[in-house]
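One structure is given below, encoded as structure tokens.
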Amino acid sequence: MKQRILIWLLAVSLWPAVVQAKVTLPQLFQSGMVLQRGKPIPVWGKADAGEQIVITFKKKTYETTADANGRWRMDLPAQKAGGPYVLTVQGAGSNAPIELTDVLIGDVWLCSGQSNIDVTIERVYPQYVDEIDHFDNNQIRLFRVQNETNTRGVQDDIRPTSINWKPLNKQNAWLFSAVGTFLGIRQFQQTGVPQGIIVNSWGGTPIEAWISADSLQRDYPLLVERTRLYQNDELVKAQQRANQLADQRWNELLDSNDPGIQQHFTALSYDDSAWPTVSQWDDSWAKQNGRGIIGSIWLRQHITIDKAHAGKPARLLLGTLFDADRTFLNGQEIGRTYYQYPPRRYDIPEGMLREGDNVITIRFINKYGIAHFIPQKPYMLCFGDDRFSQNPMPQDVIRLSDQWKHHVGATMPPCPSGDVSLQNMPTTLYNAVLHPLAPYALSGIVWYQGESNTGNPAPYGDYLKKLMGCWRDRWQDPQMPFVIVQLANHDGRQQTGNPSPLTLQTEPVNSGWAALREQQRLTAKADARAELACIIDLGEPVDIHPLHKREVAERIGLCFDRLVFNKKVQLSPEAVSAEVRGSEVVLTFDQPLQDGEVLEVELAGADRRFQNATATAKGTKLSISSTISAPRFVRYAWKDNPQRANLRGTNGLPAVPFERQL
């Protein structure tokens with residue numbers, strides 16, 4: 001009897017565990033998701049060890065069993081595009097099935113890299129106002145992977161995300177990747193089937209963070225050891241806390257020493273008549289003793305508002321500023337930005353602008369470099385319903401003067417920093433946000449990254465090869481298509497705290513950006529399942545985040561046309577052979593070129609001292625000559641920002657920058 005009671009008590013004690021047994025799916029599996037057509041569809045998750053799992057999809061049932069570790073997987077048969085469907089997953093010990101509704105089958109694209117994938121629809125809105133205003137396509141679904149790092153090793157799943165396979169409309173896309181959004185639109189227009197866009201990116205990250213430890217260990221063991229240094233949670237927390245306290249103390253001292261805080265420099269009534277007037281384009285206002293002011297600087301500008309615009313809502317455009325700013329109107333803060341890259345678009349609510357005199361005050365806060373305004377950006381006050389487009393009616397625009405009243409706030413020592421940016425450590429992003437995505441079936445991958453590796457471009461090609469290899473291994477698909485987006489043209493001087501006027505570079509230079517582009521080109525060329533999307537004409541000299549993202553997506557789509565859909569499309573022209581005729585070089589390209597003089601072409605002898613060359617395109621040939629009697633090397637568009645590069649195919653696409661030994 002006692003034995004029966006003990007058995008009964010044991011059963012009762014175990015009953016909650018049985019009842020509470022729960023089958024789980026990865027975060028990628030949500031209602032509204034898009035599954036890849038034409039390939040087996042992996043469905044996987046966790047349950048109790050040995051638990052039977054039943055999957056129902058399109059009126060068919062599939063069964064599998066969780067292994068000893070509680071892991072299970074079932075590959076559904078390849079399906080044709082269509083939907084919406086319902087996918088249910090039921091475990092033998094679960095109370096209720098997991099039911100995913102509104103499931104589509106189509107093409108799924110993974111877009112990864114750094115900040116140029118991150119750039120949102122909101123950022124590029126002025127470029128494509130009408131199109132974005134009419135976003136509405138339930139067949140295009142958006143999924144954003146939440147940022148996370150892991151120094152210890154790979155993890156099973158990603159964090160829950162705020163964008164779970166949301167359909168395309170203006171609201172859902174507003175803070176989503178512009179490249180990803182426009183790629184989904186483009187591919188839907190081309191194929192007519194549902195499109196799933198997974199964006200998995202992190203601004204400023206180097207390629208090493210996205211590569212597995214196994215791939216790096218043999219050739220770059222010290223990179224792996226660097227990450228292992230930060231497998232101590234107490235160390236990481238202590239350094240992060242120290243940085244937080246240092247930053248907090250620096251800002252406290254800045255504010256307490258800044259006369260602008262105590263004397264209310266932002267107020268409309270403040271008398272700034274004794275302040276000197278400076279030009280925003282003359283950086284002397286941001287220097288003391290020839291060096292950039294570390295601390296705060298105040299600039300004020302008075303504007304007159306007429307009766308027609310007084311009290312109306314408006315948008316203040318302050319281009320882009322280096323580095324941080326707080327901006328005020330008539331004493332009230334209207335916006336702040338903590339770092340250099342975002343455009344300053346500050347909304348002024350109804351009733352703030354008064355008829356007559358108003359004052360805009362900018363408080364620059366600078367921890368390094370030289371505070372400055374970025375040229376070639378809009379500096380104006382916009383009214384009317386079109387103010388968000390940056391192209392309102394002329395009568396609704398007040399252009400700001402480049403003359404400002406100026407006062408130095410507080411000068412400070414540099415802010416102590418020993419920042420622990422785990423996202424920049426080797427392997428940490430592969431572990432946390434890449435590994436968990438597989439084996440979700442994909443049509444192809446976009447890799448748009450490289451800016452953070454331009455300081456040391458030499459190993460980039462090997463890194464990129466390892467990245468594509470370990471990602472393909474993770475998906476168990478050696479044929480996984482990759483589109484590598486080559487770095488755009490950009491002049492980094494305006495982004496590093498050096499506001500020197502941008503001057504046209506006409507002579508040959510060594511360029512980390514060009515060298516990295518070459519690594520991207522060579523890696524893509526050596527890989528039969530990779531293509532290069534050349535965007536050397538879509539960059540902006542003063543902005544590391546060029547805004548023409550729809551055009552970038554179109555070129556990515558052309559690459560996938562060739563890689564995935566086997567279409568005979570012409571991409572950017574590339575040289576396929578070279579012939580040296582004395583002092584002349586003739587390159588043959590893979591397609592007809594636009595005829596005419598070609599700039600940014602250079603030749604060098606065996607000494608690799610490059611000189612500008614004269615070049616002419618005709619048909620598929622580029623004829624090149626210079627004073628070098630025995631040319632051994634030729635290169636094209638070999639600068640950070642080769643503004644004069646003009647070699648194009650008759651298809652209108654720019655030729656790929658390159659260096660070639662003859």
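The values are calculated or read from the model by the stated rules, or taken from the named source; none is laboratory data. Values in this document were obtained by computation on a predicted structure and should not be read as measured data. Cβ atoms come from the backbone with ideal geometry, glycine included; neighbour counts cover every protein chain shown. Please note that ligands, DNA and RNA were not included when accessible areas were found on the heavy atoms of the full protein model with its side chains. Shrake-Rupley method; radii C 1.70, N 1.55, O 1.52, S 1.80 Å.
Counting only helices (runs of 4 or more DSSP H) wholly contained in segment 170-255, the ones carrying 3 or more residues that are open to solvent by less than 20 Å² (accessible area, probe 1.4 Å) occupy 178-191.
Of the residues making up segment 16-36, at least one is at pLDDT 95 or above, hydrophobic (A, V, I, L, M, F, W, C), in a strand (DSSP E or B) and open to solvent by less than 10 Å² (accessible area, probe 1.4 Å).
Restricted to segment 132-147, and to residues there that are in contact with a strand residue (DSSP E or B) (Cβ under 6 Å, 6 or more places away or on another chain) and touching a residue at least 60 places away in the same chain (Cβ under 8 Å), the residue that is farthest from N172 (Cα to Cα) is V145. For segment 327-334, indicate whether the set of residues that are β-branched (V, I, T), over 14 Å from G409 (Cβ atoms) and out of contact with any strand residue (DSSP E or B) (no Cβ under 6 Å at 6 or more places or on another chain) is non-empty. The answer is no; no qualifying residue exists. When segment 64-81 is filtered for residues that are touching a strand residue (DSSP E or B) at 6+ places or on another chain (Cβ under 7 Å), among the charged types (D, E, K, R) and closer than 15 Å to D48 by Cα, the ones remaining, listed by number, are R71, R73.
Taking the criterion of being open to solvent by less than 10 Å² (accessible area, probe 1.4 Å) and within 28 Å of G444 (Cβ to Cβ), the residues of segment 46-67 that qualify are I55, F57. Picking from residues in segment 401-430 that are in contact with a Phe, Trp or Tyr (Cβ under 6 Å, 6 or more places away or on another chain), under 21 Å from Y220 (Cα atoms) and not hydrophobic (A, V, I, L, M, F, W, C), the one that is most open to solvent (accessible area, probe 1.4 Å) is Q423. Within segment 333-346, is there a residue that is under 22 Å from S115 (Cα atoms), charged (D, E, K, R), open to solvent by 10 Å² or more (accessible area, probe 1.4 Å) and in contact (Cβ under 8 Å) with a residue 60 or more places away in the chain? Scanning segment 333-346 turns up no residue that is under 22 Å from S115 (Cα atoms), charged (D, E, K, R), open to solvent by 10 Å² or more (accessible area, probe 1.4 Å) and in contact (Cβ under 8 Å) with a residue 60 or more places away in the chain. Contact map, segment 557-571: first residue more than 19 Å from Q195 (Cα to Cα) and of a type outside the set (F, W, Y), second residue in a loop (DSSP other than H, G, I, E, B) and open to solvent by 20 Å² or more (accessible area, probe 1.4 Å), Cβ cut-off under 6 Å, separation 6 or more or different chains; pairs are Q570/N651. Contact map, segment 417-431: residues that are in contact (Cβ under 8 Å) with a residue 12 or more places away in the chain paired with residues that are open to solvent by less than 10 Å² (accessible area, probe 1.4 Å) and aromatic (F, W, Y), Cβ distance under 7 Å, separation 6+ or inter-chain. Pairs shown: L429/W210; Y430/W210. Looking at segment 155-169 only, could you name the residues that are outside any loop (DSSP other than H, G, I, E, B) and out of contact with any Phe, Trp or Tyr (no Cβ under 6 Å at 6 or more places or on another chain)? Residues satisfying the conditions are K166, P167. Under 30 Å from T191 (Cβ atoms), of a type in the set (S, T, Y) and crowded, with 17+ Cβ neighbours inside 10 Å, is that true of Y85? Here the answer is no, as Y85 does not meet what is asked.
Just to check your reading of the model, which residue among E99, E131, E122 is at pLDDT 95 or above, charged (D, E, K, R) and closer than 14 Å to A553 by Cβ? Answer to the selection: E131. Going through (1) among the acidic types (D, E); (2) open to solvent by 30 Å² or more (accessible area, probe 1.4 Å); (3) within 23 Å of T205 (Cβ to Cβ) one by one, D396 falls short only on (3).
On the given criteria, is I140 modelled with pLDDT under 95 and touching a helix residue (DSSP H, G or I) at 6+ places or on another chain (Cβ under 8 Å)? No; evaluated as a whole, the condition is false for this residue. Determine whether segment 274-294 contains at least one residue that is open to solvent by 10 Å² or more (accessible area, probe 1.4 Å) and closer than 18 Å to M352 by Cβ. No, segment 274-294 contains no residue that is open to solvent by 10 Å² or more (accessible area, probe 1.4 Å) and closer than 18 Å to M352 by Cβ.
Of all residues in segment 64-75, those satisfying the criterion of being more than 19 Å from Y85 (Cβ to Cβ) and of a type in the set (D, E, K, R) are D67, R71, R73.
Filtering segment 256-274 to residues that are in a loop (DSSP other than H, G, I, E, B) and either hydroxyl-bearing (S, T, Y) or under 19 Å from T327 (Cα atoms) (or both) leaves D258, Q263, H264, F265, T266, A267, L268, S269, Y270, D271, D272, S273. Residue under question is P313, and the condition is that it be touching an Asp or Glu at 6+ places or on another chain (Cβ under 8 Å) and of a type outside the set (S, T, Y); does it hold? It is true that P313 is touching an Asp or Glu at 6+ places or on another chain (Cβ under 8 Å) and of a type outside the set (S, T, Y). Only one entry of A637, A617 meets the criterion of being farther than 17 Å from R660 by Cα, open to solvent by less than 10 Å² (accessible area, probe 1.4 Å), of a type in the set (G, A, S) and touching a residue at least 12 places away in the same chain (Cβ under 8 Å), and that entry is A617. For segment 149-164, a residue qualifies if it is closer than 20 Å to N232 by Cα and either open to solvent by less than 50 Å² (accessible area, probe 1.4 Å) or touching a Gly at 6+ places or on another chain (Cβ under 7 Å) (or both), and the qualifying residues are T149, N150, T151, G153, Q155.
Against the test of being surrounded by fewer than 19 Cβ atoms within 10 Å (Cβ to Cβ) and over 28 Å from V542 (Cα atoms), the options R609, R644, R648 yield a single qualifying residue, R609. Return yes when T454 is in contact (Cβ under 8 Å) with a residue 40 or more places away in the chain and in contact with a Leu (Cβ under 6 Å, 6 or more places away or on another chain) and no when it is not. Against the criterion (in contact (Cβ under 8 Å) with a residue 40 or more places away in the chain and in contact with a Leu (Cβ under 6 Å, 6 or more places away or on another chain)), T454 qualifies.
All of A578, A514, A528 fail the test of being on the phi < 0 side of the Ramachandran plot and part of a helix (DSSP H, G or I), apart from A514.
Considering Y440, Y448, the condition of being surrounded by 19 or more Cβ atoms within 10 Å (Cβ to Cβ), over 24 Å from H545 (Cα atoms) and either of a type outside the set (V, I, T) or in contact (Cβ under 8 Å) with a residue 24 or more places away in the chain (or both) is satisfied by Y440 alone. Quick check on my filter: what residues within segment 624-657 are part of a strand (DSSP E or B), touching a Lys or Arg at 6+ places or on another chain (Cβ under 9 Å) and under 13 Å from V598 (Cβ atoms)? Hits for segment 624-657 are V634, R635, Y636, P654.
The single condition among (1) modelled with pLDDT of 95 or more; (2) farther than 24 Å from F176 by Cα; (3) open to solvent by 20 Å² or more (accessible area, probe 1.4 Å); (4) not in a loop (DSSP other than H, G, I, E, B) that P478 does not satisfy is (4).
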